[in-house]
Amino acid sequence: MTTQSAPATGTAATATGSDDEIRPFRIEVPESDLDDLHERLARTRWPMELRDVGWSRGVPVSYLRDLAEYWRTSFDWRKQEAALNAFPQFTTTIDGQPIHFLHVSSAEPD
């Protein structure tokens, strides 16, 4: 998935415009990217689980396998994409760095 875009899309990987130009942005992950992710997750070669270490040496392999399987088979990527696109999003460049941001006012006064 890329995060820089031509106006109003999230598929191109180039930044254009001046440092102070603010451009509309939408997340639009190509289906081919999701297919590729699903295939790579299915082909993952997992290491053996270390015995009796729990989380002391990082994420347990069994936990990570379950998480990867959830992402591969159950996570609704399009639902999350739609939820994020419900907010006004923009990109700009500050000090040479591309910035992606949402512009949302709080429901709370002040």
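The values are calculated or read from the model by the stated rules, or taken from the named source; none is laboratory data. For clarity, every value in this text was computed on a predicted model and none was experimentally measured. Positions of Cβ are generated from backbone atoms using ideal geometry, with glycine treated the same way; all protein chains shown enter the neighbour counts. To get the accessible areas, we keep the full protein, side chains included, count just its heavy atoms, and leave off ligands, DNA and RNA. Shrake-Rupley method; radii C 1.70, N 1.55, O 1.52, S 1.80 Å.
Which residues, counting only those in region 69-86, are over 15 Å from the mean Cα position of the chain (by Cα) and not polar (S, T, N, Q)?
Result: 69, 70, 86.
Scan region 86-99 for residues that are open to solvent by 80 Å² or more (accessible area, probe 1.4 Å) and in contact with a strand residue (DSSP E or B) (Cβ under 8 Å, 6 or more places away or on another chain) and jot them down.
The answer is 87, and nothing else.
How many residues, within region 29-38, are open to solvent by 60 Å² or more (accessible area, probe 1.4 Å) and in contact (Cβ under 8 Å) with a residue 40 or more places away in the chain?
Residues that pass the stated criteria total 0.
Which pairs turn up if I take residues in region 39-56 that are within 14 Å of residue 71 (Cβ to Cβ) and look for partners that are surrounded by 10 or more Cβ atoms within 10 Å (Cβ to Cβ) with beta carbon separation below 6 Å, at least 6 apart in sequence or on another chain?
Once the first residue is within 14 Å of residue 71 (Cβ to Cβ) and sits in region 39-56, its partners that are surrounded by 10 or more Cβ atoms within 10 Å (Cβ to Cβ) give 41/68; 41/72.
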